[in-house]
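Quick notes on the structure that follows.
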Amino acid sequence: MAAPTLSAPEAIQRQLRLAARALGRHGLVHAYGHCSVRLDAGHFLVCAARPMGLIGTGEPGTVVKVNGPLPESVLGEVRIHQQIYQRRPEAQAVARTMPRHVMTLGTARRVPQPRHGFGSYFSAGITLWDDPQLIRGDAAAEALAEQLGARHALVMRGNGAVVAAESLIHAVVLTWYLEDAARMELEILSAGLEQESVVLSKAECDQRATSSGLIFERMWDYLTAGDPESSPGQAS
């Protein structure tokens, strides 16, 4: 007899739907992209395999094993999530997105520098995956996860980004921060101010990249505002 399939609590399903639709609502994904949240050491929940902004109220995600073949109902690049969760026990969420400024910058083999407050959260560096192809094999997913290492973000050349974080709220907010850092980088380059623009020092980043004052929770409330399943003032 086959082992029973692990089910995810409705509160986690709901938060994942909120995350997916927030990423869609704010232009960080379109027809493509996915996000997930860890359930335990051996399982994670990934959003429904369709445009994230179109995921319906109450529409469930799919439970995936951290080790093992992907269920037929999930997208091939979900193996990226698997490989990150295998290597990063502290990682509780992963977002695979297509932010337009990140993608534009990535085509030039460039990543945002920590030049402003939101960029300070990436002081450990943002690595570039220098390959525009989709990740459809385990070997490539393993290599990508290895390159990401302990960082929060990886830019895929001409193919979006991957963010790993300590919670789903952090993963969504950091994706927004990453795109804003890319927007700023492009504006600085287009204005010819690259030499004059100041890159924050490690000490400045460490001081600025705070989570106090409900920094992440307030941005989560902003990003999920108007969602049919949102509860204003509750980062859940």
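Output wanted: per-residue J couplings in Hz (rounded whole) for the stretch 98-104, from phi through Karplus 6.51 cos²θ - 1.76 cosθ + 1.60, θ = phi - 60°, x for Gly and Pro.
After applying 6.51 cos²θ - 1.76 cosθ + 1.60, I find 10, x, 5, 6, 4, 5, 4 Hz.
Using square roots of five times the C-alpha gyration tensor eigenvalues, list the equivalent-ellipsoid semi-axes of the stretch 109-181 in whole Å, biggest first.
So the equivalent ellipsoid measures 21, 14, 10 Å along its semi-axes.
To the nearest 0.05, how large is the calculated FRET efficiency for Ile12 and Ala139 if R₀ is 30 Å and r is the Cβ-Cβ distance?
In this case the efficiency is close to 0.45.
Considering only the other residues whose Cβ falls under 15 Å of the Cβ of Ile215, what net charge follows from Lys and Arg at +1 and Asp and Glu at -1?
For residues surrounding Ile215, the net value is -3.
May I ask you to derive the relative contact order of the chain, considering only C-alpha pairs under 8 Å and at least 6 residues apart, and to give it as an integer percent?
22 percent
Give me the percent of the accessible area of the stretch 1-63 that comes from carbon and sulfur atoms, probe 1.4 Å, all protein chains in place.
Reported share for carbon and sulfur atoms: 62 percent.
Between Lys65 and His30, what is the label-to-label distance in nm when each label sits 7 Å out along the Cα-to-Cβ direction?
Distance between the two pseudo-spin positions: 3.7 nm.
Could you work out which residue, out of Val64, Val199, Val173, moves most in a Gaussian network model of the chain, that is, has the largest mean-square fluctuation with Cα springs under 10 Å?
Val199
Heavy-atom accessible area per residue, the stretch 1-102, 1.4 Å probe: how many Å²?
Working: 4470 Å² over 102 residues.
Accessible surface, normalised per residue, equals 44 Å².
Rolling a 1.4 angstrom probe over the protein heavy atoms, how many square angstrom per residue are accessible across the stretch 177-236?
Here the per-residue accessible area is 59 Å².
Near the amide H of Met156, under 5 Å away, which other amide H atoms are found, from residues 5 or more places off or on another chain, if H is placed in the peptide plane?
Hits under the 5 Å cutoff: Trp129, Ala161, Val162.
About its Cα centre, what dipole magnitude does the chain give when the only charges are +1 on Lys and Arg Cβ and -1 on Asp and Glu Cβ, stated in debye to the nearest 20? Spell out each step's value before the answer.
Working: 22 positive and 24 negative charges, 46 e Å.
About 220 debye.
Quick one: what are the phi-derived ³J(HN,Hα) couplings along the stretch 165-174, Karplus 6.51/-1.76/1.60 with θ = phi - 60°, whole Hz, x for glycine and proline?
8, 7, 7, 5, 4, 4, 4, 5, 5, 5
How high is the relative contact order of the stretch 17-74, in percent, with contacts defined as C-alpha pairs under 8 Å that are six or more residues apart?
This gives 34 percent for the stretch 17-74.
Quick one: give the max-minus-min coordinate of the C-alpha atoms of the stretch 172-236 along each principal axis, largest first, in Å.
Cα spread of the stretch 172-236 along its principal axes, largest to smallest: 45, 27, 12 Å.
Where the centre of each part is set by its Cα atoms, how far does the stretch 154-174 sit from the stretch 121-149, in angstrom?
11 Å
Using a 1.4 Å probe on the protein heavy atoms only, what accessible surface does Ser231 show? Give it in Å² to the nearest 10.
40 Å²
Please report, to two decimal places, log10 I(q)/I(0) for the stretch 120-236 at q = 0.12, 0.17, 0.22 Å⁻¹ as given by the Debye formula with identical point scatterers on the Cα atoms and no solvent.
Taking Cα atoms of the stretch 120-236 as identical point scatterers yields -0.56, -1.02, -1.28.
Just to confirm a number: summing +1 for Lys and Arg and -1 for Asp and Glu over residues other than Pro99 whose beta-carbon lies under 10 angstrom from that of Pro99, what do you get?
Result for the local shell: 0.
Under 10 Å, Cα contacts only: if you run a Gaussian network model on the chain, which one of His152, His43, His170 comes out with the highest mean-square fluctuation?
Highest fluctuation of the listed residues: His43.
Of Gln83, Gln113, Ile135, which is farthest along the charge dipole of the chain in the positive direction, counting Lys and Arg as +1 and Asp and Glu as -1 at C-beta?
Checked the options; the winner is Ile135.
Please report the equivalent ellipsoid semi-axes of the stretch 66-158, computed as sqrt(5 x eigenvalue) of the Cα gyration tensor, largest first, in whole Å. The partial results should precede the final answer.
On the way: eigenvalues 111, 50, 24 Å².
Its equivalent ellipsoid spans semi-axes of 24, 16, 11 Å.
Nothing charged except the Cβ atoms of Lys and Arg (+1) and of Asp and Glu (-1): what's the magnitude of the dipole of the stretch 1-79 about its Cα centre? Round to the nearest 20 debye.
Using Cβ point charges on Lys, Arg, Asp and Glu, the stretch 1-79 gives about 200 debye.
What's the local net charge at Ala48, with K and R +1, D and E -1, over the other residues with C-beta under 10 Å away?
My count for the surroundings of Ala48 gives +1.
Which is the longest run of the chain containing none of the GluC sites (Glu not before Pro) found in DSSP loop states (not H, G, I, E, B) with at most 10 other C-beta atoms within 10 Å?
After excluding every exposed loop site, the longest remaining stretch is 91-195.
Roughly how far apart, in whole Å, are the Cα centres of the stretch 183-200 and the stretch 26-61?
34 Å
The values are calculated or read from the model by the stated rules, or taken from the named source; none is laboratory data. Quick caveat: nothing in here was measured; it's all calculated off a predicted structure. Note that each Cβ is placed from the backbone with ideal geometry, even for glycine, and that neighbours are counted across all protein chains shown. Ligands, DNA and RNA are excluded from the accessible area calculation, which covers all protein heavy atoms including side chains. Shrake-Rupley method; radii C 1.70, N 1.55, O 1.52, S 1.80 Å.
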